[in-house]
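Chemist: One structure, as structure tokens, below. Some questions next.
The values are calculated or read from the model by the stated rules, or taken from the named source; none is laboratory data. Everything quoted here is computed from the prediction, not taken from an experiment. Cβ atoms come from the backbone with ideal geometry, glycine included; neighbour counts cover every protein chain shown. All accessible areas refer to the heavy atoms of the entire protein, side chains included, with ligands and DNA or RNA removed. Shrake-Rupley method; radii C 1.70, N 1.55, O 1.52, S 1.80 Å.
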Amino acid sequence: MAPLATVACSPRARLFASLLRLGPQQSGPLQLHTGASFAAKSYYEVLVLGGGSGGATMAARMKRKVGSENVAVVEPSERHFYQPIWTLVGAGAKQLSSSGRPTASVIPSGVEWIKARVVELNPDKNCIHTDNGKQISYKYLIIALGIQLDYEKIKGLPEGFDYPKIGSNYSVKTVEKTWKALQDFKEGNAIFTFPNTPVKCAGAPQKIMYLAEAYFRKTGKRPKANIIFNTSLGVVFGVKKYADALEKIIRERDLTVNYRQNLVEVRADRQEAVFENLDKPGETQVFSYDMLHVTPPMSSPDVLKTSPVADAAGWVDVDKETLQHKKYPNVFGIGDCTNLPTSKTAAAAAAQSGILDRTISLIMKNQTPVKKYDGYTSCPLVTGYNRVILAEFDYTAQPLETFPFDQGKERLTMYLMKADMMPFLYWNFMLRGYWGGPAFLRKLFHLGMS
């Protein structure tokens, strides 16, 4: 793949690239940190639950605030994945191996890695319990437990993934099955689903559809493919500007979109998918398929659903501007596990991390938080193997675009940013606590513009 510099040649693009080159080089395979092999302390000034995008980022930021010896991360997984790239893995454009690194390499050096699973939160006593029987106390708690995939809520899954013709870009176990299903497609229905729940990266369920259509065209299979997007939603995208652009692509490429259709069963042995009409509960329709991409139902992690920190729907109940918990002032949330009314993406977590950093800094000084999160999130809508519509928007579902051109158009530069520059930013800047989103670039690029 060509480097971004070969196509992004404007002065502003060169400035952006030069800013990136100022950052640290890619980390080595391991960081020096105290881990599970050492006797973990029972108290930390800052305890971070979850070592994913939000958790690792906040651990790096808090290390600079209070010192590495006063920060711990509770995370059971041995590997950390940059999941946004799985859209391209499922389409054969990237290797799965490029998306993951050892968790040890992303936990900040000197920070305690508690290799365990959280099983209980007790914010009234400022402590949590882990699955290995440990009780850990804290002064400040950051909850970054992500979102839970509920494949089992669809009858016939996850066991249906043992059959061919079916995949899902949302799991490390099934993303390569998507690419295999694409390659094995011969003729008939290629179906892509969107569940009747909150999801992370709400654009991903249709991104793989556009890539599949491009792959079928490239391999000569397009005339025999009936490409269907069955979505539980009533619109193709929640921001009108980008929805209009996507609807135009859908018409031009002869794609079928069925709204308010929710996948309830997969009969993988017969290559059949059953959908419920959400406008007529109980009414179902059976679709045969030669390829099926499943976006699973999702929910907050089980440990949060019954926790005192959760709202009625099970999400961490935080102030939408400061990310401070509404009841417990020393508890904070970031990322997919929160009830923030914005799209759940890595870009959102990055923007939230900068706000949360400032919020906690002021709380530590017994001051009132002043910096407000505007709901910024981003969804690079991949529409082909070399095109992306870069959707950026806020709490009000209004575009909040970084670049001084119309991001509602498909662009090669935005694809290269998605495929190459964003992973670089993630591993080398965000996880090290140095990337809080593109707000400063937006101001720079729009300087002097009305």
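Chemist: When only the heavy atoms of the protein chains count and the probe is 1.4 Å, how do Y385, Y215 rank by accessible area, highest first? If you can, show how the numbers build up before the last one.
Modeler: Working: Y385 70, Y215 35 Å².
So the residues, ranked largest to smallest area, are Y385, Y215.
Chemist: On to the next question. What is the gain in length, in nm to one decimal, between E120 and A243 on full extension, counting 0.36 nm per residue of separation less the C-alpha to C-alpha distance? Intermediate results must be reported in sequence, preceding the final value.
Modeler: On the way: separation 123, 0.36 × 123 = 44.28 nm, distance 4.08 nm.
Length gained between E120 and A243: 40.2 nm.
Chemist: Right, another one. Put C201, C127 in order of accessible area, largest first, 1.4 Å probe: what do you get?
Modeler: Working: C201 35, C127 5 Å².
Putting C201, C127 in descending order of accessible area: C201, C127.
Chemist: Name the shape class, rounded, prolate or oblate, that the alpha-carbon gyration tensor gives for region 367-450, where a ≥ b ≥ c are the square roots of its eigenvalues, rounded holds for a/c under 1.5, and otherwise prolate holds if a/b is larger than b/c and oblate otherwise. Mind showing how you got there, number by number?
Modeler: Details: a/c = 1.85, a/b = 1.31, b/c = 1.41.
Oblate.
Chemist: If you don't mind, another one. Sketch the reach of a paramagnetic label on K218 as a point 7 Å from Cα along Cα-to-Cβ, and name the residues of region 375-391 whose backbone nitrogen lies under 15 Å away.
Modeler: Flagged as within label range: 382-388.
Chemist: Calculate the length of the line joining the C-alpha centroid of region 248-297 to that of region 95-152, in whole Å.
Modeler: Between the Cα centre of region 248-297 and that of region 95-152, the gap is 35 Å.
Chemist: Here is a further query. Mind checking which of Q285, Q398, Q148 has the largest fluctuation in a GNM of the chain, springs on alpha carbons under 10 Å?
Modeler: Q285
Chemist: Further question: Among (i) 63, 52, 40; (ii) 90, 56, 50; (iii) 141, 71, 55, only one was calculated for this model; which label is it, if the read-out is Cα extents along the principal axes in Å?
Modeler: Checking each listed value against the structure points to (i).
Chemist: So if I place +1 on the C-beta of Lys and Arg and -1 on the C-beta of Asp and Glu, and nothing else carries charge, what would the dipole magnitude of region 331-450 be about its Cα centre? I want it in debye, nearest 20.
Modeler: Details: 12 positive and 9 negative charges, 53 e Å.
Around 260 debye, computed over region 331-450.
Chemist: Run the paramagnetic zone check for S42: 7 angstrom along Cα to Cβ, then residues of region 114-131 with backbone nitrogen under 14 Å.
Modeler: Those under the cut-off are 127-130.
Chemist: Given a 10 angstrom Cα cut-off, can you work out which residue in R387, R251, R222 is the most mobile in a GNM of the chain?
Modeler: Top of the fluctuation ranking is R251.
Chemist: Could you tell me the distance between the Cα centroids of region 321-350 and region 203-236, to the nearest Å?
Modeler: Their Cα centres are 32 Å away from one another.
Chemist: Full extension from N258 to K153: what is 0.36 nm times the residue separation minus their Cα-Cα distance, to one decimal in nm?
Modeler: Numbers: separation 105, 0.36 × 105 = 37.80 nm, distance 2.12 nm.
Length difference between fully extended and current span is 35.7 nm.
Chemist: Okay, moving on. Specify the angular offset, from 0 to 90 degrees and rounded to the nearest 10, of the alpha carbon long axis of helix 204-218 from the longest principal axis of the alpha carbons in the chain.
Modeler: On a 0 to 90 degree scale, this one is about 40.
Chemist: Per residue, how big is the convex hull around the C-alpha atoms of region 283-416? Give it to me in cubic angstrom, could you?
Modeler: Details: hull volume 23.3 nm³, N = 134.
Spelled out: Cα convex hull of region 283-416, divided by residues, is 174 Å³.
Chemist: Now, a different point. Relative to the longest principal axis of the C-alpha atoms of the chain, give the angle of the C-alpha long axis of helix 240-252, reported between 0 and 90° and rounded to the nearest 10°.
Modeler: Between helix and principal axis, roughly 30 degrees.
Chemist: Still on this model: What order do D184, D124 take when sorted by accessible area (1.4 Å probe), most exposed first?
Modeler: Details: D184 50, D124 105 Å².
Listed by decreasing accessible area, they come as D124, D184.
Chemist: For the chain, what is the percent of antiparallel DSSP beta bridges, rounded to the nearest 5? Can you show the working numbers first?
Modeler: Numbers: 35 of 70 bridges.
Just about 50 percent of them are antiparallel.
Chemist: Once you order the gyration tensor axes a ≥ b ≥ c over the Cα atoms, which shape class does region 312-371 get: rounded for a/c under 1.5, otherwise prolate or oblate by comparing a/b with b/c?
Modeler: It comes out oblate by the Cα gyration axes.
Chemist: Could you state the angle between the C-alpha long axis of helix 53-66 and the longest principal axis of the C-alpha atoms of the chain, as a value from 0 to 90 degrees rounded to the nearest 10?
Modeler: Long axis of 53-66 versus the principal axis of the chain: about 20 degrees.
Chemist: Return a whole-number percent for the relative contact order of the chain, with Cα pairs under 8 Å and 6 or more residues apart as the contact set. Present the calculation step by step, with values, prior to reporting the outcome.
Modeler: Working: 964 pairs, mean separation 76.9, N = 450.
17 percent.
Chemist: So what is the 222 nm mean residue ellipticity for the chain from helices alone, if each DSSP H run of at least 4 adds -39500 (n - 2.57) and you divide by all residues, rounding to the nearest 500 deg cm²/dmol?
Modeler: On the way: 11 runs with 107 residues, N = 450.
So the calculated ellipticity at 222 nm is -7000 deg cm²/dmol.
Chemist: Let me ask you something else. Which residue fluctuates most in the GNM of the chain (Cα springs below 10 Å): G51, G333, G238?
Modeler: G238
Chemist: Here's a follow-up. Determine the dipole magnitude for region 291-386: charges of +1 sit on the beta-carbon of Lys and Arg, -1 on that of Asp and Glu, nothing else is charged, the reference point is the Cα centre, and the result goes in debye to the nearest 20. Walk me through the numbers on the way to the answer.
Modeler: Details: 9 positive and 8 negative charges, 47 e Å.
Dipole magnitude for region 291-386 comes out near 220 debye.
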